[in-house]
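Just dropping this structure here.
The values are calculated or read from the model by the stated rules, or taken from the named source; none is laboratory data. This one's a predicted model, so the numbers in the text were calculated from it and none came from an experiment. Glycine gets a Cβ as well: all are built from the backbone with ideal geometry, and neighbour counts include every protein chain shown.
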Amino acid sequence: MAHTSPTRAHQQHLSPPFVWLPVQPPTAPPVATKEEAPSTHKKTEPSFEVEKIPETSKIPKLSSFERKAFKEFILLVQEALENHEFSATRSIPKLTVEGSRGKVSIWGVPLLEDDRTDAILLKFLEAKNFNVGESFTMLKNTIGWRREFDIDGLMEQTDQGDDLQKVVYVHGQDRDGHPVCYNMYGEFQNKQLYMNTFADEEKRKSFVRRIIQMLERSIRKLDFSARGVSTLLIVVDLKNSPGPGKKELWIACDQLHQLLQENYPEIVEKQVLDHLSIHVTAYLLGGARYISPENLPIQYGGLNGRYPHIRNPEFTADDVATEIIIKPLTQQTVEIFLHQGCIISWELRVLDWGVSYSATFLPGAKHPYTIILDKKKKMACVDEDAVANKFEAGEPGKIVLTIDNPTSKRKRLIYRFKVKPVQD
């Protein structure tokens, strides 16, 4: 039987290689196989070969000049620690440098007392093109700012309410393992939320501190080892965001941007900025393909939950999705063969309008009839939830998912399924 493989991801504008991976077999005993049947209209889907490209870790390969600068930088930091230069950067009697007993830490890593120190110091060197003097000044200023901002106290604080949980949050990861931080400024169209956040100077300061707190917690989960992931991907979505008249928001954003530039060197792997969610979707799932469908939130055309606390309980980000390109004037079917009684769950979406979907169950040859699971219906737009369903099959047979594309444009189908044995 013929299988249609996922298409290979385009690699333009990217340095690391990315590839769409096929669906992994279910962890339960083998009870199902799938077959993507050929089109039944004028055209059929061709087969695609997937080139398997191994992931590579970003191991610093320093030139002789960079190695020399790195050694000089370490000596400067060591001398500064011995002379307590960092603790005297800025005089704030009631606040202490991050860490106790005179230790100096950044992002939870004690300087020169942890194997991860090299990765931390390299970020400051890279930010200043390995200029040792400028890198040391930046490090010193950063430690002073962290004392003034009371990062230690901030990390000990519990979350104050959930009013900003839909504005800024970390949700999933990209194809290279970087955590993804979403900034959804369109949420501030809610006048009550805007006033609660920016009504006075104290509230604006609280907003900045909440964002820094979220950023710090995310950074401390990174792996600063030589082969680890030590950067974030940031998506800034300005769709429906307040206009320039809401100056309090944009002043706070400018302040956050400046703090990020001055005190978080080389922490952001990539920043995606756009005014329309559909454009962000085209970037994230289109030519660049930074984020896989199972990690991409629903509002961008993926299958992940709209927010970290809202998702389809039947699936996790570990349940890999399959992607198929449906050509114009074709009908694509996905057949999932069930070899024994089981429960199957599935979800899918098409990244555009104008297509229809239906689902049926066909029992074995002894029972030549069809059970309609989902009647034929038009698919919703990209900003809507994915189509999802589940079915308990008491006998062998197959599930048939049918996508009809009568339009003159190619469509992208994304789907995944999970099969579990029926519990006695």
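Looking at the structure I just gave you, is VAL170 within 23 Å of ASN240 (Cβ to Cβ), among the β-branched types (Val, Ile, Thr) and in contact with an Asp or Glu (Cβ under 8 Å, 6 or more places away or on another chain)?
Values: within 23 Å of ASN240 (Cβ to Cβ): yes; among the β-branched types (Val, Ile, Thr): yes; in contact with an Asp or Glu (Cβ under 8 Å, 6 or more places away or on another chain): no.
The answer is no for VAL170.
Same structure, new question: Looking at segment 211-229, which of its residues are more than 15 Å from ASP254 (Cα to Cα) and part of a helix (DSSP H, G or I)?
Matches in segment 211-229: GLN213, MET214, LEU215, GLU216, ARG217, SER218, ILE219.
Restricting attention to segment 230-268, which residues are touching a residue at least 24 places away in the same chain (Cβ under 8 Å) and part of a loop (DSSP other than H, G, I, E, B)?
Correct list: SER230, THR231, LEU238, LYS239, ASN240, SER241, PRO242, LYS246, TYR264, PRO265, GLU266, ILE267.
If you don't mind, another one. Considering only segment 142-156, I want to know if a residue exists there that is under 26 Å from PRO293 (Cα atoms) and in contact with a helix residue (DSSP H, G or I) (Cβ under 7 Å, 6 or more places away or on another chain).
no
Now, a different point. I'm told GLU323 meets every condition in (1) free of Cβ contacts under 8 Å to residues at least 60 places away in the same chain; (2) under 22 Å from the mean Cα position of the chain (by Cα) except one. Can you identify the failing condition by its number?
All conditions pass for GLU323, except number (1).
I would also like to ask the following. Restricting the first residue to segment 352-372 and requiring it to be under 16 Å from GLY301 (Cα atoms) and among the aromatic types (Phe, Trp, Tyr), which pairs with a second residue that is assigned to a loop (DSSP other than H, G, I, E, B) and modelled with pLDDT of 90 or more meet a Cβ separation below 9 Å and a spacing of at least six or different chains?
So the pair list comes out as TRP353/THR407.
Only one of ARG146, ARG116 is closer than 30 Å to LEU193 by Cα, surrounded by 16 or more Cβ atoms within 10 Å (Cβ to Cβ) and among the basic types (Lys, Arg). Can you tell me which?
Unique residue meeting the criteria: ARG146.
Also, quick follow-up: If you scan segment 197-210, which residues turn out to be surrounded by fewer than 20 Cβ atoms within 10 Å (Cβ to Cβ), assigned to a helix (DSSP H, G or I) and out of contact with any helix residue (DSSP H, G or I) (no Cβ under 7 Å at 6 or more places or on another chain)?
Selection gives GLU201, GLU202, LYS205, SER206.
Further question on the same structure: Could you please find all residues in segment 130-179 being outside any helix (DSSP H, G or I) and of a type in the set (D, E, K, R)?
Result: ASP150, ASP159, ASP162, ASP163, LYS166, ASP174, ARG175, ASP176.
Quick check on segment 113-127. Is at least one of its residues of a type in the set (Lys, Arg), touching a strand residue (DSSP E or B) at 6+ places or on another chain (Cβ under 8 Å) and under 23 Å from GLY228 (Cα atoms)?
yes
Please go through segment 249-281 and give me each residue that is among the hydrophobic types (A, V, I, L, M, F, W, C) and modelled with pLDDT under 85, ordered by number.
Start the filter on segment 249-281 by keeping residues that are among the hydrophobic types (A, V, I, L, M, F, W, C), which leaves 249-253, 256, 259-260, 267-268, 272-273, 276, 278, 280.
If the condition is that a residue be among the hydrophobic types (A, V, I, L, M, F, W, C) and modelled with pLDDT under 85, then VAL272, LEU273, LEU276, ILE278, VAL280 are the ones that fit.
If you don't mind, there's one more thing I want to ask. Quick one: in segment 326-345, of everything that is of a type in the set (A, V, I, L, M) and either crowded, with 16+ Cβ neighbours inside 10 Å or free of Cβ contacts under 8 Å to residues at least 60 places away in the same chain (or both), which residue is nearest to GLU395 (Cα to Cα)?
LEU338
Quick one: would you say ILE399 is over 17 Å from GLY341 (Cα atoms) and of a type in the set (A, V, I, L, M)?
When the stated conditions are applied, ILE399 does not pass them.
Just one of (1) closer than 21 Å to ARG311 by Cβ; (2) free of Cβ contacts under 8 Å to residues at least 40 places away in the same chain; (3) assigned to a strand (DSSP E or B) trips up ALA380, so point out which.
(3)
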